[in-house]
Amino acid sequence: MYFGEYLEEKRKSRNYTLRLFAKRINISYTYLADVEKGRSKAFKIEILKKIIEVLQLDEKETYKLYDLAGESRNIIPPDIEEYLKENKELIVEIRKRKNRR
């Protein structure tokens, strides 16, 4: 499953139309449709946080959304990226661990 499919599934399961949901997360419905159909990459962290809030995703659903967003953009999950930026000391630890291999 890719990001857009997952988002569409969650949106529909909460009974949001494309237009209403786009309005709730402050983006155009055409942009949302493009992402859901795989024509555009996943959203950045700011919009993802709005999605999580509006859809009231639980922890498991949230992690899956972040993981699929990362895959879509070919990056690490955006929540992890944000956490690493806020905790630079972890980067040092990760590099140490990487070099031990």
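When only alpha-carbon atoms count, how far does the chain stretch along each of its three principal axes, as whole angstroms with the largest first?
Largest first, the chain extends 49, 24, 21 Å along its Cα principal axes.
Calculate the dipole size of the chain relative to its Cα centre from +1 charges on Lys and Arg beta carbons and -1 charges on Asp and Glu beta carbons; express the result in debye to the nearest 20. Please list the in-between numbers first.
Details: 24 positive and 18 negative charges, 57 e Å.
Computed charge dipole of the chain: roughly 280 debye.
Can you give the FRET efficiency to the nearest 0.05 for residue 59 and residue 20, using r as the Cβ-Cβ distance and R₀ = 22 Å?
It comes out at approximately 0.30.
Distance cut-off 25 Å, Cα to Cα: go down the list 23/49; 10/44; 37/88; 64/96; 50/96; 12/85 and report the pairs above it. Walk me through the intermediate numbers first.
On the way: 23/49 15 Å; 10/44 18 Å; 37/88 36 Å; 64/96 28 Å; 50/96 35 Å; 12/85 33 Å.
Going by Cα-Cα distance, 37/88; 64/96; 50/96; 12/85 fall outside the 25 Å limit.
Fully extended, how many nm does the chain gain between residue 81 and residue 28 (0.36 nm per residue separation, minus their Cα-Cα distance)?
Difference between extended and current length: 16.5 nm.
To the nearest µm²/s, what D does Stokes-Einstein give for region 39-88 at 37 °C and 0.692 mPa s, using the Kirkwood radius over alpha carbon pairs as Rh?
Translational diffusion coefficient: 296 µm²/s.
Of 32, 69, 51, whose Cα points farthest to the positive end of the dipole of the chain (charges on the beta-carbon: +1 Lys, Arg; -1 Asp, Glu; origin at the Cα centre)?
So the residue furthest toward the plus end is 69.
With runs of 4+ DSSP H residues as the only contributors, calculate the mean residue ellipticity of the chain at 222 nm using -39,500 (n - 2.57) per run, divided by the residue total and rounded to the nearest 500.
Mean residue ellipticity at 222 nm (helix-derived): -21500 deg cm²/dmol.
A short reminder: the numbers here are calculations on the coordinates, not readings from a lab. Values in this document were obtained by computation on a predicted structure and should not be read as measured data. Cβ atoms come from the backbone with ideal geometry, glycine included; neighbour counts cover every protein chain shown.
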